[in-house]
Amino acid sequence: MIMKFLKMPSFSLRVKVMLLFLVLALAPLAGIGWFSIRTAEQMVASMMIRQLENVAADKVAILERWLDERKADLMVMAGTSLVKSMDPEQMAPYLDLIREKYGVYRELAVVSAAGDLVFPRSQRAAEKLSGAAAAQPARP
C-alpha cells in the first residue's frame, strides 16, 4: 500500500521521502505505545488480583479469629458451675446476661452429654435443636 502511494506521479521526491521517514518514525512509536498499553493493562490486572487475594486472606483470618473467640466463649460458659449444674433455673439469668452483653448470640441452649435439651432459650431454639438431632445419624 505504501509503495503504491509512493509510486503516484503527483508527489515530488521530497514529499515522498518525507512521508517515508514519517511512516518509518511513527511505526516504532505505535509499536512501543501498543506494547506499553498492553503491559500496563497486565500489570494493573495482576495488581488487582493480588489485592483481592490479600483481602480474601484477611477476611479468612478475621473469620477464623471470630470463630475461635466464639469457641472460647462457649468453653468458658460450659466450664461455669451454673451451666455444669444443669439446672435451667440457675442457668437462665447467666445465659441471658451472656446473650445480652456479648451481642453476638441470638439464642443459647444447653444440651447434656447424652444429647438431651436441658435449657432452650426459646421454643424456636428447641425446635431447631430437635430437628438437627433428628437429621443426624445415631452414634454406634
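Here are the numbers for the structure shown:
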| quantity | calculated |
| --- | --- |
| Test: residue in the range 90-97 that is farther than 20 Å from Leu117 by Cβ and surrounded by 10 or more Cβ atoms within 10 Å (Cβ to Cβ) | yes |
| Thr39 being modelled with pLDDT of 90 or more, out of contact with any helix residue (DSSP H, G or I) (no Cβ under 9 Å at 6 or more places or on another chain) and among the hydroxyl-bearing types (Ser, Thr, Tyr) | yes |
| Test for Lys59: is it of a type in the set (Lys, Arg), farther than 30 Å from Val104 by Cβ and either surrounded by 10 or more Cβ atoms within 10 Å (Cβ to Cβ) or not assigned by TED's automatic domain parsing to the domain that holds Val104 (or both) | no |
| Selection status of Tyr102, in the same structural domain as Val118 (by TED's automatic domain parsing) and farther than 25 Å from Asp116 by Cα | yes |
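The values are calculated or read from the model by the stated rules, or taken from the named source; none is laboratory data. Note that the structure is predicted; figures quoted are calculated from it, not measured. Counting neighbours? That spans all protein chains shown, and the Cβs are built from the backbone with ideal geometry, glycine included.
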